[in-house]
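Here the structure comes first, spelled out in structure tokens, and everything after it is commentary.
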Amino acid sequence: MIASVLITSLLLALAYAKSCLNRTVSINVSARTGVFDITIPQTNLEATAFILNYTQQGRNFTDDVLTGYKTTRNTYQISTQLCFPTTKRFANPTIQILTHGIGWDKTYWDPSYNNFKYSYVNVATDLAGYYTLTYDRLGIGKSSHGDALNEIQSFLEVNALAELSMMLRNGTFPGISHAFSKIVHVGHSFGSVQSYALADKFSGISDGLVLTGFSTDFAYANYFIAGGNFVPAGPAPPSGSASSTSKPKYTAGYLEDSDVQAVDYQYFLPGYFDPGALQFAYDSRQPVTVGELLTFGSVPPVNSFKGPVLVLSGSNDLVFCGGNCLATGNANLSSILAAAQTSFPNVPPTKFETYIQ
Ligand SMILES: *[C@@H]1O[C@H](CO)[C@@H](O)[C@H](O)[C@H]1NC(C)=O
Ligand SMILES: *[C@@H]1O[C@H](CO)[C@@H](O)[C@H](O)[C@H]1NC(C)=O
Ligand SMILES: *[C@@H]1O[C@H](CO)[C@@H](O)[C@H](O)[C@H]1NC(C)=O
Ligand SMILES: *[C@@H]1O[C@H](CO)[C@@H](O)[C@H](O)[C@H]1NC(C)=O
Ligand SMILES: *[C@@H]1O[C@H](CO)[C@@H](O)[C@H](O)[C@H]1NC(C)=O
Ligand SMILES: *[C@@H]1O[C@H](CO)[C@@H](O)[C@H](O)[C@H]1NC(C)=O
């Protein structure tokens, strides 16, 4: 009896055993970045003024304040965590590179809340046999920060993701001697936007795209932008809180959600979440730069990628479905996600899939 209880708990523990390596990786990144002429918001009121401009109908604020382009080139430190299965091992494993969205850092994929109950990484590694790489996007969390307007933009972050991908491909990623022949890029929200842009820009870099919290319809993004009630990112939180080990001090132009209600509005569906997880998400929130907001939607409408694509969103995704992925206004279109297929003319229909959770 005691033995069987012991064995059961041992098996349960093993089922979610994963091994991880934390590495800060140095990369050289070069990208064409936009030069924007605005005054960086310093106060709550200035942040609101910026968002009002950004969301004003009848204008493209990015275009209004764009004065040109420059090349940004620098050496950056990227905070990464590479995890692998301890029980389910394959000879030639596939690695998933997981890119988080706005408001989070790499722990989005592996939150410690409730003993890792909602960890994607746990399931992907020991239950499915994948390697995973999570990282704080360039500019965020424990990765290098930078100028929030004219440096930390989507373009630079996509090129940073390319560098990490190429290191895994050619076997130079620190701490792991393996050269991965199969790399799948998995994103959440803005992380999906960047994975999408990466696959278009760097031919052959990706063997598959999994775009979660995503569609190719940017018409609803302003619900999200306004709903964050963004304010300048505050000081590092007190020690002992969920984010005390991960949230550093940010400079001007880094904006974050003002309160729990803003996080609730942007990411959670009433009646379908654990309130403790909402509080945890708020406590561990990370900011977005004004440069990221100004380059958020700057992706090609048509993607050259040829590999398999899965687009997966919650039925009530706010950012990419305006709260209802099934309301398309077109009887021929089963969901807003399904419209993404036209952005992938080189992906055979059998290799394009959508899933609504
Ligand atoms: C590795 O990184 C994770 C995620 O950021 C963190 O929770 C953990 O404490 C780190 N482990 C070590 C040994 O530093
Ligand atoms: C980045 O560039 C510097 C200076 O050119 C060079 O010393 C360094 O090895 C490069 N780092 C990587 C990871 O390529
Ligand atoms: C908002 O736009 C107005 C008019 O274009 C401009 O005068 C103002 O400086 C902008 N404010 C911010 C914070 O972007
Ligand atoms: C807004 O302007 C930017 C910069 O010119 C451009 O990349 C973007 O596609 C425009 N957005 C829309 C919705 O037209
Ligand atoms: C591997 O890829 C990285 C990132 O692009 C690059 O800096 C490095 O020179 C490459 N190394 C080899 C041996 O190809
Ligand atoms: C839906 O498909 C039918 C048959 O192909 C076509 O006649 C109709 O115009 C389509 N409707 C819309 C709104 O695209």
Check: List, please: which pairs have Cβ atoms under 9 Å, are six or more places apart or on different chains, and start with a residue in segment 145-164 that is touching a residue at least 12 places away in the same chain (Cβ under 8 Å) and end with one that is of a type in the set (D, E, K, R) and part of a helix (DSSP H, G or I)?
Finding: 148/292; 152/292; 153/292; 154/292; 157/292; 158/201; 159/201; 162/201
Notebook entry, point to check: Among the residues of segment 47-65, is there at least one that is away from ligand 4 (no atom under 16 Å from the Cβ), closer than 24 Å to residue 248 by Cβ and in a strand (DSSP E or B)?
Noted result: no
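Within 21 Å of residue 96 (Cβ to Cβ) and either under 20 Å from the mean Cα position of the chain (by Cα) or acidic (Asp, Glu) (or both) - does that describe any residue in segment 327-338?
Initial filter on segment 327-338 (within 21 Å of residue 96 (Cβ to Cβ)): 337.
Narrowing further to those that are either under 20 Å from the mean Cα position of the chain (by Cα) or acidic (Asp, Glu) (or both): 337.
Checked against the condition, which is being within 21 Å of residue 96 (Cβ to Cβ) and either under 20 Å from the mean Cα position of the chain (by Cα) or acidic (Asp, Glu) (or both), segment 327-338 yields at least one hit.
Go through segment 298-325 and report how many residues are part of a loop (DSSP other than H, G, I, E, B) and closer than 30 Å to residue 63 by Cβ. Give the steps one after another, and end with the answer.
Of all residues in segment 298-325, those part of a loop (DSSP other than H, G, I, E, B) come to 298-308, 314-317, 322-325.
Within this subset, residues satisfying the condition of being closer than 30 Å to residue 63 by Cβ are 298-305, 317, 322-325.
Residues in segment 298-325 being part of a loop (DSSP other than H, G, I, E, B) and closer than 30 Å to residue 63 by Cβ: 13 in total.
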Next item on the list: Return only the number of the condition from (1) buried (at least 17 other Cβ atoms within 10 Å of the Cβ); (2) touching a residue at least 24 places away in the same chain (Cβ under 8 Å); (3) in a loop (DSSP other than H, G, I, E, B) that residue 328 does not satisfy.
Entry: (2)
Notebook entry, point to check: Looking at segment 24-61, which of its residues are polar (S, T, N, Q) and more than 16 Å from ligand 2 (Cβ to nearest atom)?
Noted result: 33, 39, 42, 43, 44, 48, 53, 55, 56, 57, 60
Check: When you look at residue 313, is it more than 16 Å from ligand 2 (Cβ to nearest atom), farther than 28 Å from residue 110 by Cα, of a type in the set (Gly, Ala, Ser) and surrounded by 20 or more Cβ atoms within 10 Å (Cβ to Cβ), yes or no?
Finding: no
Checklist line | Unique residue being touching a helix residue (DSSP H, G or I) at 6+ places or on another chain (Cβ under 6 Å), more than 16 Å from ligand 2 (Cβ to nearest atom), in contact (Cβ under 8 Å) with a residue 12 or more places away in the chain and of a type in the set (Phe, Trp, Tyr) when the list is 305, 296, 320, 344 | finding: 305
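Every number in this text was worked out from the coordinates using simple rules, so none of it is lab data. All figures in this text were calculated on a predicted structure; none of them were measured in a lab. When we count neighbours, we look across all protein chains shown, and the Cβ atoms used for this are built from the backbone with ideal geometry, even at glycine.
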